[in-house]
Amino acid sequence: MKAIVFVEQRDGNIKKSSCEAIHAAAGRFDSCTAVVLGPDLGDAYAGLGAYGASKVIAVNGDGLEKYSVTAYAKAFCDIVRETGADVVLFSATAMAKDLAPRVAVRLEAALASDCTALSVEEGDVIATRPVYAGKAFIRVSLSTPVKIFTLRPNVFTIAETSDAQAEVERRAPDLGEEDFSVQVVETKMSSGRKDVVEADVVVSGGRGMGAPENWNLIEELADVLDAATGASRAVVDAGWRPHAEQVGQTGKTVSPSLYIACGISGAIQHLAGMSSSKCIVAINKDPEAPIFNIADYGIIGDVMEVLPALTNEIRAVVGK
Amino acid sequence: MNIFVCISHVPDSTTKIKVGPSGKEIDEEGVTFILNPYDEYAVEAALQMKEKHEGEVTAVCVGDDAVKETIRKALAMGVDKGLLIKAERTRDSFGIAQAIAGAIRDKSPDVIFCGKQSIDYDSCQVAGMLGEILGMPSVSAIVGLEMNGDGSVTLERDIEGGQEISTTKLPAVLSTDKGLNEPRYPKLQGIMAAKRKPIEEIEAPPYENRVRVLDMRMPPAKDAGKIVGEGVEAVPELVKLLHEEAKVI
Ligand SMILES: Cc1cc2nc3c(=O)[nH]c(=O)nc-3n(C[C@H](O)[C@H](O)[C@H](O)COP(=O)(O)OP(=O)(O)OC[C@H]3O[C@@H](n4cnc5c(N)ncnc54)[C@H](O)[C@@H]3O)c2cc1C
Ligand SMILES: Nc1ncnc2c1ncn2[C@@H]1O[C@H](COP(=O)(O)O)[C@@H](O)[C@H]1O
């Protein structure tokens, strides 16, 4: 089977999770072509060979510098058709959630979103995906000739890279004004900290932090770990933290290597967003808090005391 | 304005999930169903648009008779009427989008609101698919919406590490995320009025799922974690475990 991977870039940087998708495709299918839309990335295209892409199709110009769901769908589908790919992969990012459904309709292809496992069994592709906020998993098979999967970021880890260079082909898209019926006019990136979805370590705070003023304790721990900061819905609803930090059923789904929950009770809707984290640490003064049921390691104690000590101890270990 | 809002009928977010006898779906015994939480933002957005620009709001749901209860909840919030598109409740997102598109294409919608995702299968697909099928623009997971004088709308959505601002023209399909608004609670008066509001029923054409469920399983059981200790004294041991055992720092 021939696979094609939609590679996402923001501000000239290729997303790590797109590289995960390339690596996942290269290890499972006969060939893997990466398609990169947007501003010219120069030498970076060939570098995608490191993850297993044999070919990169770079599409620049003609208004593609800024994301437009309608134009991107058309330009990408034109390439998929032409290459005759049977499998299309995306990383399940905000862009893919917007774009993949339109691509699926255009290609008359079935779409399985946010998959956490993908395997080829007797010539068919079987995907595993969480449903009911991770309370159950389904395995699905897609009945259409072209099959599309979006992969949950941070789940398909990159086992190894090589120094292979991919063959790069440049294309001009065939787009008219009518293809840009939706147009991004501005992206506002918050400077500094990583996003919860993309970070390898997340330090999250809940109502047990007591007050927004105490968030410096979360921030300091996040600094030594180069982590993103997350929050429970209780503190987002209280206006202590921005919505973009909310983890859970009505927030973001994260699967970092390390998730540290500070003063978070572990309500089922919170667990929905973080239970696939590889290692979970909970700090809570209530030994009965449900978060301890899913934590790998727990400390029963007051966050106000434990957090500063933890930050110091980790600083000593990582040497920051 | 002719405003549509697509709603789904889902198990309450606190429901304990059990796999049913088919091995492919949940056991619905004892499960309470609610209006999909993301669709509450969609209903609120539709109602606010109607309040500002006049018009009519129709709540659309693809499903069996059981979903009428959820349509009534939207009517109780202030939606004017319901449209039940009768079909099995197991349809995949494309099947749902196709049924909705077929039913409302000729009703000249000015805007179609959806939720970002339905918290049963968490697909995040219907809005974009509906847009593509109807040949309308679509923007998913919006947290900001402003109508401009010239018939265009400015939308804000959260992306990894920031926000994205885009513009499009109506008619369009917009899916809503938490943060867009504060959904209103139905008042007693609204609940009474909802009983008298009309729900039109039509049959969806037959459809065979493109996404075929082979089986449903519970997540692998996780070993009970380790309580490292109490208070500050436990910190050195925790850091040692994270460094040497879990190897995450
Ligand atoms: C439809 C729906 C969707 C939802 N979506 C989400 C979601 O996306 N994300 C989410 O998080 N929630 C969500 N919720 C809310 C969820 O049910 C909980 O209310 C919420 O997660 C609780 O947040 P919390 O743990 O911060 O607060 P609490 O439940 O109040 O817990 C605070 C914890 O802090 C501990 N504590 C207090 N003081 C200290 C201290 N000094 N030191 C140490 N520990 C301390 C307490 O023992 C307690 O365990 C949703 C709810 C619904 C109904
Ligand atoms: N059965 C349904 N009937 C009507 N609208 C639906 C249905 N299922 C999903 N939707 C709409 O599509 C959105 C996204 O659902 P999904 O793509 O399935 O995650 C939901 O928030 C609803 O607005």
Taking Cα atoms, how many degrees apart are the long axis of helix A:303-318 and the longest axis of chain A, rounded to 10 and kept between 0 and 90? 60 degrees
Mean projection area, nm², convex hull over Cα of the protein assembly as shown: 25.8 nm²
Length released on extending from A:Ala164 to A:Val318, taking residue separation times 0.36 nm less the Cα-Cα span: 52.2 nm
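Of all DSSP beta bridges in the stretch B:115-249, what percent run antiparallel (nearest 5)?
On the way: 13 of 17 bridges.
Expressed as a percentage, antiparallel bridges in the stretch B:115-249 total about 75.
What is the dipole size for chain B, taken about its Cα centre, with +1 at each Lys and Arg Cβ and -1 at each Asp and Glu Cβ, in debye to the nearest 20? Walk me through the intermediate numbers first.
Working: 30 positive and 41 negative charges, 112 e Å.
Result for chain B is approximately 540 debye, rounded to the nearest 20.
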FRET efficiency for B:Glu51 and A:Lys66, Cβ-Cβ distance as r, R0 = 35 Å, nearest 0.05? 0.60
Which residue fluctuates most in the GNM of chain A (Cα springs below 10 Å): A:Ser54, A:Ser31, A:Ser181? A:Ser181
Just name one of B:Val62, B:Tyr121, B:Leu188: the one whose Cα is farthest towards the positive end of the charge dipole of the protein assembly as shown (beta-carbon charges, Lys/Arg +1, Asp/Glu -1). B:Leu188
Computed about the Cα centre, the charge dipole of the stretch A:93-134 from +1 Lys/Arg and -1 Asp/Glu charges at the Cβ has a magnitude in debye, to the nearest 20, of 280 debye
To the nearest 10 degrees, the tilt of helix A:16-26 (Cα long axis) against the first principal axis of the alpha carbons of chain A is 50 degrees
Given springs between every Cα pair under 10 Å in a Gaussian network model of chain A, which of A:Val202, A:Val224, A:Val281 has the largest fluctuation? A:Val224
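Just for the protein assembly as shown, what percent of DSSP beta bridges are antiparallel, to the closest 5? The partial results should precede the final answer.
Working: 43 of 122 bridges.
Just about 35 percent of them are antiparallel.
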May I ask for the angle, rounded to the nearest 10°, between helix A:94-106 and the longest principal axis of chain A, with both axes built from Cα atoms and the value confined to 0 to 90°? 30 degrees
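Work out the length of the dipole vector of the protein assembly as shown about its Cα centre, built from +1 on the beta-carbon of each Lys and Arg and -1 on the beta-carbon of each Asp and Glu, and round it to the nearest 20 debye. Walk me through the numbers on the way to the answer.
Numbers: 60 positive and 83 negative charges, 196 e Å.
Value, rounded to 20: 940 debye.
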Which lysines have a Cα lying under 22 Å from the Cα of B:Lys86, excluding residues fewer than 8 positions away in the same chain? B:Lys24, B:Lys68, B:Lys73, B:Lys107, B:Lys195, B:Lys197
Pairs of Cα atoms under 8 Å, at least six residues apart: use those to get the relative contact order of chain A, whole percent. 15 percent
What net charge do the residues around A:Glu177 carry, taking every other residue with its C-beta under 13 Å from that of A:Glu177, with Lys and Arg at +1 and Asp and Glu at -1? -2
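Roughly speaking, what % of Cα-Cα pairs in the stretch A:2-180 are separated by over 29 Å, rounded to a whole number?
Details: 2236 of 15931 pairs.
Result: 14 percent of Cα pairs exceed 29 Å.
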Using the Cβ atoms and a cut-off under 10 Å, what net charge is assigned to the surroundings of B:Gly55, where Lys and Arg are +1 and Asp and Glu are -1? -3
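Looking only at the stretch A:2-180, where both bridge partners belong to it, what percent of the DSSP beta bridges are antiparallel (to the nearest 5)?
Details: 13 of 41 bridges.
Of those bridges, close to 30 percent are antiparallel.
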Once each part is reduced to its C-alpha centroid, what is the distance from the stretch A:33-63 to the stretch B:97-171 in angstrom? 29 Å
For A:269-275, what's the mean count of beta carbons from other chains sitting within 10 Å of each residue's beta carbon? 1
Connecting every pair of Cα atoms under 10 Å apart in chain B and solving the GNM, the largest mean-square fluctuation among B:Gly229, B:Gly161, B:Gly20 falls on B:Gly229
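May I ask you to list the trypsin sites (Lys or Arg not before Pro) in the stretch B:137-228 that are in a DSSP loop and have at most 13 other Cβ atoms within 10 Å of their Cβ?
On the way: sites: B:Arg157, B:Lys169, B:Lys178, B:Arg184, B:Lys187, B:Lys195, B:Arg196, B:Arg210, B:Arg212, B:Arg217, B:Lys222, B:Lys226; in loops: B:Lys178, B:Arg184, B:Lys187, B:Lys195, B:Arg196, B:Arg210, B:Lys222.
Sparse-neighbourhood loop trypsin sites (Lys or Arg not before Pro): B:Lys187, B:Lys195, B:Arg196, B:Lys222.
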For the stretch A:95-114 and the stretch A:201-220, distance of Cα centres in Å: 37 Å
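Longest exposed-loop-site-free stretch of chain B, with GluC sites (Glu not before Pro), DSSP loop and at most 10 other Cβ within 10 Å?
Values: sites that count: B:Glu29, B:Glu54, B:Glu208.
Excluding the exposed sites themselves, the longest stretch runs over B:55-207.
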Computed [θ] at 222 nm, deg cm²/dmol, the protein assembly as shown (DSSP H ≥ 4; -39,500 (n - 2.57); rounded to nearest 500): -7500 deg cm²/dmol
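How high is the relative contact order of the stretch A:197-320, in percent, with contacts defined as C-alpha pairs under 8 Å that are six or more residues apart? Before the final figure, lay out each step's value.
Numbers: 256 pairs, mean separation 31.2, N = 124.
Relative contact order for the stretch A:197-320 comes out at 25 percent.
Let me know the mean shielding of B:149-161 by other chains, meaning the per-residue number of their Cβ atoms within 10 Å of its Cβ. Don't skip to the end; give the middle numbers.
Working: counts 0, 0, 0, 0, 1, 2, 3, 2, 5, 8, 14, 17, 18.
Average neighbour count from other chains, rounded to a whole number: 5.
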Computed over chain B, the relative contact order (Cα-Cα under 8 Å, seq sep at least six) in percent reads 23 percent
Shielding by partners, peptide B:214-226 (average Cβ within 10 angstrom, other chains): 5
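Here, each number is a calculation from the coordinates, and none is a lab measurement. Please read these numbers as outputs of a predicted model, since none were measured by experiment. Positions of Cβ are generated from backbone atoms using ideal geometry, with glycine treated the same way; all protein chains shown enter the neighbour counts.
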